[in-house]
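Visitor: The structure follows.
The values are calculated or read from the model by the stated rules, or taken from the named source; none is laboratory data. As the structure is a prediction and not an experimental result, all values here were calculated from the model. In this analysis, Cβ positions are derived from the backbone assuming ideal geometry, glycine residues included, and neighbour counts consider all displayed protein chains.
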Amino acid sequence: MLTATNNVRLFAVMLLHATLGQAQAGLPRELGPVGIFEIDEQGLVLFVDSSACDPKNNWRSEGILLSSNRGKSWQVMLTRINGSVFDYVSQQRNGKIWIVGHSFVEGPDHDPFMLVPKLTGEGWEKHTIYSGYAELQSVSFLDNGDLVACIRHLRLGATGWSGSLFAHQSSDNGRTWRQIGRASKCPASPGVVFTPIHKNTAHWRVVDKGSTGFEVQENSNDGQGWRTVSNFADQDCEPY
């Protein structure tokens, strides 16, 4: 587990060993806040921008941290997916978390994907919903357990990028997807709609402190307002 005092340093070391071949000392590291999601009274999911430390990586890459004690300590669940952005999150009755994002390298957004909980153990499997340039509009669980993603398929024309809205459906918890039709197939009254990932919720928020790092804060129930639970201090990359 990563404590509130050493979490950034340990995360940076794990991140470097897991994702980089060689790192140069002195490169500015960007472990920035993206969003937070409350699982239950004790559990939190923290989404972070872990793009830097690699001089060859110019694209946004995001990682995931997990806390089971209200933000006092953090466990790295996913170091990063290169060129990725997380958009939506959903928790089902079994406590499992589904995460939806898209790839972004050049041009518009493309290749929306879903992180599906592994059948055994912790963590997720990444599965592509649609391959191509696209705008992800919404994702939802239907009452029968199927998933539906409404995606605008983009094409470059004389006036820029545009396209029609299509519905994609999965009957195996997001592992495989099929296109089922145009926008009329997108559910008008979906069962459970995925929540957009935000930096602020009713009880939790992540506050960007610029060059000094960022904080995870909780809205106290005693009328005292927001209090800092975790402090992620900024620092340079380290050689290893």
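Visitor: Looking only at region 108-122, filter to residues that are aliphatic (A, V, I, L, M) and within 16 Å of the chain's Cα centre (by Cα); which one of those is surrounded by the fewest Cβ atoms within 10 Å (Cβ to Cβ)?
Guide: Checking each candidate, the answer is V116.
Visitor: May I pose another question? Would a scan of region 218-230 turn up a residue that is surrounded by 17 or more Cβ atoms within 10 Å (Cβ to Cβ), closer than 28 Å to R152 by Cα and either at pLDDT 90 or above or among the small types (G, A, S) (or both)?
Guide: No: zero hits.
Visitor: I'm trying to understand the selection: among the residues of region 123-144, which are under 16 Å from the mean Cα position of the chain (by Cα) and assigned to a loop (DSSP other than H, G, I, E, B)?
Guide: Matches in region 123-144: G123, I129.
Visitor: Tell me the residue from I64, I36, I97 that is in contact with a Pro (Cβ under 7 Å, 6 or more places away or on another chain) and modelled with pLDDT of 55 or more, please.
Guide: After applying the criteria, what remains is I97.
Visitor: Any idea which residue in region 109-122 is farthest from Q169 (Cα to Cα), counting only those that are modelled with pLDDT of 90 or more, in a strand (DSSP E or B) and out of contact with any Lys or Arg (no Cβ under 9 Å at 6 or more places or on another chain)?
Guide: D111
Visitor: Looking at this structure, is I180 of a type in the set (V, I, T) and closer than 17 Å to I99 by Cβ?
Guide: Criteria not met by I180.
Visitor: Could you list all residues from region 71-85 that are among the charged types (D, E, K, R) and crowded, with 18+ Cβ neighbours inside 10 Å?
Guide: Once the filter is applied, which keeps residues that are among the charged types (D, E, K, R) and crowded, with 18+ Cβ neighbours inside 10 Å, region 71-85 yields only R80.
Visitor: Further, regarding this structure: Tell me which residues, restricted to region 128-143, are under 20 Å from G95 (Cβ atoms) and either loosely packed, with under 14 Cβ neighbours inside 10 Å or not hydrophobic (A, V, I, L, M, F, W, C) (or both).
Guide: S140, D143
Visitor: Scan region 89-107 residue by residue and report those that are surrounded by fewer than 15 Cβ atoms within 10 Å (Cβ to Cβ) and either touching a residue at least 12 places away in the same chain (Cβ under 8 Å) or touching a Gly at 6+ places or on another chain (Cβ under 7 Å) (or both).
Guide: Selection gives Q92, G95, K96, V105, G107.
Visitor: Okay, next question. Within region 93-108, track down each residue that is in a strand (DSSP E or B) and of a type outside the set (G, A, S). Walk me through how you get there before you give the answer.
Guide: Taking region 93-108 first, the residues in a strand (DSSP E or B) are 97-103.
Within region 93-108, I97, W98, I99, V100, H102 meet the criteria.
Visitor: Need the failing condition index for I180 against (1) of a type in the set (A, V, I, L, M, F, W, C); (2) at pLDDT below 95; (3) in contact with a Phe, Trp or Tyr (Cβ under 7 Å, 6 or more places away or on another chain), just the number.
Guide: Only one criterion in (1) of a type in the set (A, V, I, L, M, F, W, C); (2) at pLDDT below 95; (3) in contact with a Phe, Trp or Tyr (Cβ under 7 Å, 6 or more places away or on another chain) is unmet by I180, namely (3).
Visitor: Next question, about the same structure. Based on this model, can you work out whether T159 counts as surrounded by fewer than 15 Cβ atoms within 10 Å (Cβ to Cβ), modelled with pLDDT of 90 or more and out of contact with any Phe, Trp or Tyr (no Cβ under 6 Å at 6 or more places or on another chain)?
Guide: no
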